[in-house]
Each structure stands twice: as C-alpha cells, then as structure tokens.
Amino acid sequence: MNSHHRLQRPPDFTGDWLYSLQQVVFRHGLPGALLAVLLLAHPDLRALLSVYVVDTGYTDYLLTGSVIWLAMSAYAISINRQKAGQQCAWVIYLGMLSLWEECLFRLALPKLIEAGGLDFWLAALIANLAFGAMHYFTLRWKWTWCFAAFLGGMALSRQLHLHQDLLLITAYHWIGTFINTPRCPDLASAGSRPIPLRD
C-alpha cells in the first residue's frame, strides 16, 4: 500500500494528497522549524538547551548519530537502489525534523506552558495534543495516526522528564519516524498519481 494512502486522508479542506518531499517540507518541515527557532530565540528557553543536552561529549552524539544514519540509509537504499541519494537525503531530513519537533513540542512549548502555572504532565498533554494536531493539518494524516503521534509524544515527554537528554529522545523519534515512513514521498507515491489525460 502506498504511504500516502496509509497515512493521509482523502482530499478535503486541508488540501490534496501530498506526493513530494517538497510539499512535505513546505507544509510541515519549514513552518515547524521556523516556530522552533522563534520559540528558542527566547533567552530562558535557549538556556534550557544546555540543561537538556547531556554533557557526555558531542563526539558521542556525533558517533551515535552517524551509526543511526548509516544503518537507516543502508536499509533505505536496499528498498530503492536506483534512488540511493534521494533515500539518504530523506533519512537526513527525518533526523532534522525529529530534532526540531523535540525542541518545539517536548521542550520549548511545555516549558512555556509550565511557566503559566500548569504542572509538567498537563503541559506535556497540551503540547502533545498540538503535536498530533499539527500532523492532522500539515501532513493531512488520518486522525488515528495523529492519535498515535500524540501517544508517542507523551512517551517521549516522559523520557525527557526522566533522563533530561534531548538528543536521546531525538534519536528515538528519528528511528520511529523512519520505521513509519522509510521511503521518500516522491518514491513512496511513484505510480500512484493520477495519469494525465492526453489529447
């Protein structure tokens, strides 16, 4: 089954099928990344990054990230050798996506909500409802997948709360997102687009 049929709703008020990486980036990746940068421009939230990036040495993070990227890229290439470069770029994009989503929905937004006087779990609940809703509107996911994203977000919030390691939960997110969508949208939807009528 093509991934857009598995994840996306039929065309509705939120738009048509998303077939390409460009559509995914402009509808989901770019707006979310800009929002994360905007929130983390706040000095207090920026200071949190030093607390939630465990000081075990950036070499360890770089090495672990490289191993994850190589493993996922090898699998991605194995399922479409003809588009190896595109598949490897997709894996990198998913890593960057995972990082900004964790910065936004597990760190910046919950901390802003907590600053308003709510406790951690209520802040996490609200932030992860926003996380699921974002997938509904930007990626046009079916509500069942959005609910799964909400539950996954709550699990990641718990892990961040326990371990205070942003890059650890980013790695979990990256791997989980890749398992859910291992093919670049351009490749996953190949052959499923409507055939244009010819004169």
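The values are calculated or read from the model by the stated rules, or taken from the named source; none is laboratory data. Everything numeric here is computed off the predicted structure, so don't read it as measured data. Virtual Cβ from ideal backbone geometry, glycine too; neighbours counted across all protein chains shown. Note: accessible area is taken over every heavy atom of the protein model, side chains too, but ligands, DNA and RNA are not part of it. Shrake-Rupley method; radii C 1.70, N 1.55, O 1.52, S 1.80 Å.
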What whole-number value in Å² describes the accessible area per residue of the chain for a 1.4 Å probe?
55
Work out, step by step, the length gained on full extension between GLN164 and ASP186: first 0.36 nm times the residue separation, then minus their alpha carbon distance; give nm to one decimal.
4.3 nm
Springs between alpha-carbon pairs under 10 angstrom, Gaussian network model over the chain: which of HIS173, HIS42, HIS161 fluctuates most?
HIS42
Quotient of Cα radius of gyration and Kirkwood radius for region 1-102, i.e. Rg/Rh, equals 1.04
Mind putting together the pair-distance distribution for the chain? All Cα pairs, 5 Å bins, whole percent per bin, short to long.
1, 7, 14, 19, 19, 16, 11, 7, 3, 1, 1, 0, 0
Going through the DSSP H helices of the chain, which span 20 Å or more along their own axis at the Cα atoms while scoring at least -0.5 as a mean Kyte-Doolittle hydropathy?
58-79, 84-101, 120-138, 143-163, 166-180
By average C-beta atoms within 10 angstrom, highest first, the peptides 104-115, 8-19, 127-138:
104-115, 127-138, 8-19
At 1.4 Å probe size, with the rest of the protein present, what percent of the exposed accessible area of region 57-139 is carbon and sulfur atoms?
72
Distance in nm between pseudo-label sites at VAL67 and ASP16 (7 Å out along the Cβ direction from Cα):
4.5
Let me check I've understood the local charge: for LYS83, count other residues with C-beta under 11 angstrom from its C-beta, Lys and Arg +1, Asp and Glu -1. What total comes out?
+1
